[in-house]
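The values are calculated or read from the model by the stated rules, or taken from the named source; none is laboratory data. Computed from a predicted model, the values in this text were never measured in an experiment. Heads up, the Cβs are rebuilt from the backbone with ideal geometry, glycines too, and the neighbour counts pull from every protein chain shown.
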Amino acid sequence: MIILESREKELKIINEIDKDLNVTQREISKNSGMSLGITNIILKKLINKGYVKVKQLNKKKVQYFLTPKGFTEKAKKSYYYTLKTMEILKTMKLKIQAVVLKEYKKGHIKFIIYGKGELAWLVEIAIRDLGKQDLVCARINGKDEIALQERDTIILLTEQNRTNDIRGIDVISMLSEK
C-alpha cells in the first residue's frame, strides 16, 4: 500500500508540473494536498529518476519541467491509477450487489436510492446489473416526498440523509467496513 501511495503522490506532483511550468514548490504542495517537506522529498526523487528537470531562473526562482522520461512515467502512473480506481469501483459494486441480493431474497423488490451524485449512480448500476426482471430501482433526492410500501427498501447515501424512522441500507457505512 505504501508503494501505491508513493505513486499517487508522484503522479500529483507530475500533474502539477505538467499544468504549469512556473509553479512553485509551495503551490505544488498546496494544490496536491501534501506538506512542503513531502513535496520537496518527492520532487528530489523525481529529479534523481530523471523525470523532472530544474532550471534556475534566478537566485530564488526555479522552473520545473517534465523530461520525455517524465511524460512516459506520467502516462504509466495514470494508467495504474485508472486500473486501481476501476478495481475499487468493481469491489464497491459487488458489495452493493451482495447486500441488495440479501434483501431481494427476503422478498424486497423495490429499492429507492436516497441521495445523489456518483455513489447514487454506482448503486443504480449495481442494482440494474443484477438482471432481476422484477426488481425495481428508483432514485430520489432528499427533498422528494416518498410513500413507502412495506417491502420497499431505502438505500441511504449520506450521513445527513440518515433517519431513524426509515428502514434501509446505509451504503456509506457498509462500504467503509473492511
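Only one of the numbered conditions (1) modelled with pLDDT under 85; (2) over 20 Å from the mean Cα position of the chain (by Cα) is violated by G131, and that is (1).
With a requirement of 3 or more residues that are over 17 Å from D170 (Cα atoms) and out of contact with any helix residue (DSSP H, G or I) (no Cβ under 6 Å at 6 or more places or on another chain), the strands (runs of 3 or more DSSP E) lying completely within the range 23-140 that satisfy it span 52-56, 62-66. Against the criterion of being within 30 Å of L175 (Cβ to Cβ), outside the structural domain of E124 (by TED's automatic domain parsing) and in contact (Cβ under 8 Å) with a residue 40 or more places away in the chain, I14 qualifies.
A quick yes/no check of all residues on (1) closer than 19 Å to E5 by Cα; (2) exposed (fewer than 10 other Cβ atoms within 10 Å of the Cβ):
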| position | (1), (2) |
| --- | --- |
| S32 | yes, no |
| I38 | yes, no |
| K45 | yes, no |
| K53 | no, no |
| K61 | no, no |
| P68 | no, yes |
| E73 | yes, no |
| K76 | yes, no |
| Q97 | no, no |
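Taken together, the residues in the range 58-87 that are in contact (Cβ under 8 Å) with a residue 12 or more places away in the chain and of a type in the set (S, T, N, Q) amount to 3.
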